[in-house]
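What follows is a single structure, written as structure tokens, with notes after it.
The values are calculated or read from the model by the stated rules, or taken from the named source; none is laboratory data. For clarity, every value in this text was computed on a predicted model and none was experimentally measured. In this analysis, Cβ positions are derived from the backbone assuming ideal geometry, glycine residues included, and neighbour counts consider all displayed protein chains. In case anyone asks, the SASA skips ligands and DNA or RNA and just uses the protein heavy atoms, side chains included. Shrake-Rupley method; radii C 1.70, N 1.55, O 1.52, S 1.80 Å.
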Amino acid sequence: MHNHLVSLVLLSGLFAACSASSADVSSPDGNLDFALSVADGKSVISIAYKGETLLLDSPVGIDFEDGFFGDDVRLKAVKRSTVVDEYDMPVGKTSHVRSVSNGAVATLADSQGRMVELHMRAFDDGVAYRYVIPSQEKMQRLAVRAERMELNLAGDPVAKAMVLPGFQCSHEALYKTASVSEYEDGLYMDMPVFVSFPTGRYMAVTEASVLDYAGMMMVSEGGRLTGKLSPRLDGSGLSVIGDLPHRSPWRVFLVSDRAGALLESNILTTLCDPCTETDLSWLKPGKSTWPWWCGYQTPEGMKKGSLNTVNYNWNRYYIDFCSDNGITYNSITGIVDENGREYPWYYNEGSSPGAPGEVDDTRYLCPGFEIVPICEYAEKKGVDMRVWVHWKSLDKDIEGSFRQFSEWGIKGMMIDFMDRDDAPMVDFYTDCAKMGAKYHMMCDFHGAFKPTGLQRTYPNVINYEGIYGQENMKWNAECDQVTYDVTLPYIRFFAGPADYTQGAMRNANRDNYRAVWDEAMSQGTRCHQLAMYVVFSSPLNMLCDAPTNYLNEKECTQFIAEVPEVWDETISLDGKVAEYSVIARRSGDTWYIGALGNWDERDIDIKCDFLPDGDYSVTVFQDGVNANKVARDYKKLTKDLCKCKKLHAHLASGGGYVAVITKK
């Protein structure tokens, strides 16, 4: 991996005394203007796009342990720069990023003599700011109660947000849609929050580079969206405690007049620190089985014998399936006895894998279970093993567990049930990322808060949940998952990869769907499921269904096995939030197009002018003639294509479409 040094070109000097009362920065293309203003001692920010003010003067500041900073400040100095950042992304939606932005550092001081720097950046597709608190005599340590970020959005725009019960939760919910003024006071909203203005502009609000700090949610208050830091659980009344100097996360505002442009943005990773690892040859994106979703289904005769015999044979069956079909990983989420009862695979005196007991330890195996023979068999078959763990069990000895897993032959883990984003929990994520890098192990965070670009700094952080994924189809009979699916590309997926856990072979239309725990089905058509592997970004994709179901659907299984997990280029071709999305992604010389639709049937003509000149062949998976009634119905065809032609996609209700374009 090559991370080129960020180059800074200073455009103006550092002034000992700054007579101006504002600091502003514009995007390289001149369309975005981002300003910090100080009037009567109060600091506010504003954002304008193509001459239209989207964010009116909005108060910002920090509530320190010894008092608020932001109501009695003056602007001491401003330093401006142009920032060029060029780097490779081994796991992501694009393999190489070149970013140019304009920056400013505004030094603020208050009457107590405290100093805070506000770092500002303006890109062509968004703006961002962060606080940097330098070492200083007037402040012996960093102790933050809260941040002030009161967003005064122009024109009472419509906001789509994942409304949550509070700071401690799984970060999984469907999206609520309402104008900002219609949100009742006190609703907690997970980032990103997507905002559409009456004038056709779009904005998404989130954060980047959340390290050694608390995560942030938005809360509706008095017709505004306000940022709230997740509080520590120690009763101190503080959110962040640390040494100086210290940096806050970046507060990010993506802006465009095209909703799909948000998905293409690389701002979040660009704002994160480069990876310092020089050898990443061990990184392995791929796909994985997930036996839990399909109820640990196995063929006849494999559930007899001791705990070890049952699970060795069962895992051999899954490993053979992976080996025969080119699937990278097999997962151990738990172990089952011959009566089908599930146990944690590691030592745990709790009642279930999801409920750790007082005595539990991921370094030791459940009595009667051996994992090394399974890992050895997987290695012989060219398959890697990954395991599920509860974060509380792992946290008792993080490095000891990673070391032991590595010695057993495990290559990755799904870490679950964190359900928080306060500062100590953020540190836990970082500790896992570091240990994963040290012991060459992939980390997939479930029960997780949103991604914030950490995969640039630690590329082994390969996936996050933070999404209302397909696991909910096991128990939720009422949700509208299909509409959620066509909302995700515009909100959740620009933040980073998501472990949605797609790949269902039992598909149902709106009338036929029902929740079944051990024989789960998906909402929408078969091609809806296939298209997710292109439209959704996930360097570690799941095959959530049972091997027996995949073996009966060889065409679909072959497509799932062969579709890439990481990409060289991503383009949003067409779409409308909550209605449909058409995404093109390139891997080498091969292009993949995925289209997802809501419950409305539709026809889409897809332009192919993004292709280089030449002759192509296209293989298409499209909804079958009966897909509105029988959701699993699909048709596969191959034909010639050139960039001057359009691809016609008919999407059934809850439909999907996939095209694989190769050069002749």
Those helices (runs of 4 or more DSSP H) lying entirely in the range 402-517 with at least 3 residues open to solvent by less than 20 Å² (accessible area, probe 1.4 Å) and over 28 Å from S248 (Cβ atoms) = 481-485
Go through the range 347-359 and give me each residue that's modelled with pLDDT of 80 or more, open to solvent by 60 Å² or more (accessible area, probe 1.4 Å) and not charged (D, E, K, R).
-> Y347, V359
Do the conditions hold for V625, that is, is it surrounded by fewer than 22 Cβ atoms within 10 Å (Cβ to Cβ), of a type outside the set (D, E, K, R) and in a loop (DSSP other than H, G, I, E, B)?
-> yes
Any idea which of K304, K284 is touching a Ser or Thr at 6+ places or on another chain (Cβ under 7 Å) and open to solvent by 60 Å² or more (accessible area, probe 1.4 Å)?
-> K284
Taking S220 and the conditions (1) closer than 25 Å to A261 by Cβ; (2) in a strand (DSSP E or B), which numbered condition does it fall short on, given that it satisfies the others?
-> (1)
Working only within the range 1-41, note down all residues that are surrounded by 13 or more Cβ atoms within 10 Å (Cβ to Cβ), in a strand (DSSP E or B) and at pLDDT 90 or above.
-> S22, A23, D24, V25, S26, L32, D33, F34, A35, L36, S37, V38
G614 versus (1) touching a Phe, Trp or Tyr at 6+ places or on another chain (Cβ under 9 Å); (2) open to solvent by 10 Å² or more (accessible area, probe 1.4 Å); (3) closer than 24 Å to K639 by Cα; (4) not acidic (D, E): which is the lone unmet condition?
-> (1)
Restricting the search to the range 61-79, which residues are among the hydrophobic types (A, V, I, L, M, F, W, C) and surrounded by 17 or more Cβ atoms within 10 Å (Cβ to Cβ)?
-> I62, F64, F69, V73, L75, A77, V78
Within the range 576-608, can you find the residues that are in contact with a strand residue (DSSP E or B) (Cβ under 8 Å, 6 or more places away or on another chain), not β-branched (V, I, T) and not in a strand (DSSP E or B)?
-> A578, E579, D589, N598, E601, C608
Quick one: L573 ticks every box in (1) open to solvent by 20 Å² or more (accessible area, probe 1.4 Å); (2) part of a helix (DSSP H, G or I); (3) within 30 Å of Y87 (Cβ to Cβ) except a single one, so which number is it?
-> (2)
Taking G103, is it within 29 Å of the chain's Cα centre (by Cα), at pLDDT 95 or above and within 27 Å of S256 (Cβ to Cβ)?
-> yes
Cβ-Cβ under 6 Å pairs, at least 6 apart or on other chains, the range 401-415 side farther than 11 Å from M441 by Cβ, far side at pLDDT 95 or above and hydroxyl-bearing (S, T, Y) = none
Pairs, please: C-beta under 9 Å, at least 6 apart or cross-chain, first residue more than 24 Å from C527 (Cα to Cα) and in the range 609-626, second open to solvent by less than 50 Å² (accessible area, probe 1.4 Å) and outside any strand (DSSP E or B)?
-> D613/C642; G614/C642; D615/C642
Among the residues of the range 307-346, the number that are open to solvent by less than 40 Å² (accessible area, probe 1.4 Å) and in a loop (DSSP other than H, G, I, E, B) is 7
Please name all residue pairs, on different chains or six or more residues apart, with Cβ atoms under 6 Å, provided the first residue is in the range 457-468 and is within 13 Å of C432 (Cβ to Cβ) and the second residue is open to solvent by less than 10 Å² (accessible area, probe 1.4 Å) and among the aromatic types (F, W, Y).
-> Y464/F445
R232 is checked against (1) touching a Lys or Arg at 6+ places or on another chain (Cβ under 9 Å); (2) open to solvent by 10 Å² or more (accessible area, probe 1.4 Å) and fails just one. What number does that condition carry?
-> (1)
